[in-house]
There are 2 protein chains.
Amino acid sequence: MAPLKKSFSDYLAQKGLKTTRQREIILDEFLRCPSHLSTEELYLRLRKKHPSIGYATVYRTLKLFAESGIAEERHFGDGQTRYESSTSEEHHDHLVCTACGAILEFEDPRIEQLQDEVARTHGFKISRHRLELYGLCAKCSET
Amino acid sequence: MAPLKKSFSDYLAQKGLKTTRQREIILDEFLRCPSHLSTEELYLRLRKKHPSIGYATVYRTLKLFAESGIAEERHFGDGQTRYESSTSEEHHDHLVCTACGAILEFEDPRIEQLQDEVARTHGFKISRHRLELYGLCAKCSET
DNA sequence: TTTCTTGCAAAAGCTTTGCACACCG
DNA sequence: CGGTGTGCAAAGCTTTTGCAAGAAA
């Protein structure tokens, strides 16, 4: 089984929750889709194949993904919550194009290291961070 | 006049907008308050001295502050928009305590420099960024 | 059977908008 | 005056919740 799927089903078992048809469907679709989908986008995709699925179920299930650690919530400033599947390996940050909405991921250990240093200076114990760079992507800045 | 006040009144003049009693009151209070206030918090404070002021006016005025460049919108993940007055000088980032909600500001030019470098690598032209470190502050991690 | 889930609709938060009146320039 | 701004209430959006029926263990 894919590691994230196993992770999730372990989480359910451990919490005494149930594996349901909907949760399987939603997880499959979630993993198949581009990252950073909003709940609504995912819901709309799901509806095409599974018209009976409920809006609330998608919301609840995505929150469950986040709790279980297989996905992370993101807020990019439009009013919507977006979700990204966890690689469980390295964390990554985002470049967001303010013109076309493109989202690129990057990772830079040097930045992470400096963050740790800053946190230490202030006596903070960091559990997570968020770094987003907003601007124009290569395409959009051409014009 | 305080620089931000002047900035704002210039913006109003340039856009053909009007200086009103409410805008003055809200700006004064905004500048006097701790940073990172949510619209509601500011509204509640204003109400004490000016009970007739409307919720919508506070919302509209804060948006106006943001447009004029004298304030910036922040989203820290609770559903509320918070505003911070612009120093117009250096940008700063945030350390957010997930236990007590404390927000510390910091700034590290080395991190900024690395961000620029990352952006360049991807062909991005950065206009702004957001860096938040979440964890426990010194006090809360003692226990 | 017992407990957890679902789908629906209603409710809840935060934010925006329509409108009539008031105010600024 | 003419166009903006205000306050109120209503509407909008996204997200959450209550509940009866349905499904998993």
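Remarks
- If you go through segment A:102-143 and keep only what is among the β-branched types (V, I, T), assigned to a strand (DSSP E or B) and farther than 20 Å from B:H92 by Cα, you end up with just A:I103.
- Candidate set: segment B:15-57, residues that are within 29 Å of B:H94 (Cα to Cα) and near DNA strand C (Cβ under 8 Å from one of its atoms); chosen: the one surrounded by the fewest Cβ atoms within 10 Å (Cβ to Cβ): B:A56
- Inside segment B:3-14, residues that are more than 10 Å from DNA strand C (Cβ to nearest atom) and either of a type outside the set (G, A, S) or not assigned by TED's automatic domain parsing to the domain that holds B:G77 (or both) make up a count of 8.
- Neighbours by Cβ (under 6 Å, 6+ apart or cross-chain): first from segment A:11-27, free of Cβ contacts under 8 Å to residues at least 12 places away in the same chain; second among the hydrophobic types (A, V, I, L, M, F, W, C): A:T19/A:L12
- Restricting the search to helices (runs of 4 or more DSSP H) fully inside segment A:1-84 and requiring at least 1 residues that are within 23 Å of A:V96 (Cβ to Cβ) gives A:21-32, A:39-49, A:55-68.
- Search result, residues across segment A:56-74 that are within 14 Å of chain B (Cβ to nearest Cβ) and more than 8 Å from DNA strand D (Cβ to nearest atom): A:A66, A:E72, A:E73, A:R74
- Odd one out for A:K48 among (1) without any contact (Cβ under 8 Å) to a residue 24 or more places away in the chain; (2) under 17 Å from the mean Cα position of the chain (by Cα); (3) outside the structural domain of A:L133 (by TED's automatic domain parsing): (2)
- Within segment B:76-102, being more than 11 Å from chain A (Cβ to nearest Cβ) and modelled with pLDDT of 85 or more holds for B:Q80, B:R82, B:Y83, B:E84, B:S85.
- A count restricted to segment A:71-100 and to residues that are under 21 Å from B:E72 (Cβ atoms) and either of a type in the set (V, I, T) or touching an Asp or Glu at 6+ places or on another chain (Cβ under 9 Å) (or both) stands at 9.
- Single condition A:S141 does not satisfy, out of (1) in contact with a strand residue (DSSP E or B) (Cβ under 6 Å, 6 or more places away or on another chain); (2) polar (S, T, N, Q); (3) modelled with pLDDT of 90 or more: (3)
- Selection from segment A:108-143 of residues that are surrounded by fewer than 13 Cβ atoms within 10 Å (Cβ to Cβ) and within 20 Å of the chain's Cα centre (by Cα): A:S127, A:R128
The values are calculated or read from the model by the stated rules, or taken from the named source; none is laboratory data. Just so it is clear, the structure is predicted and the values come from calculations on it, not from any experiment. Please note: Cβ atoms are built from the backbone with ideal geometry, for glycine as well, and neighbour counts cover all protein chains shown.
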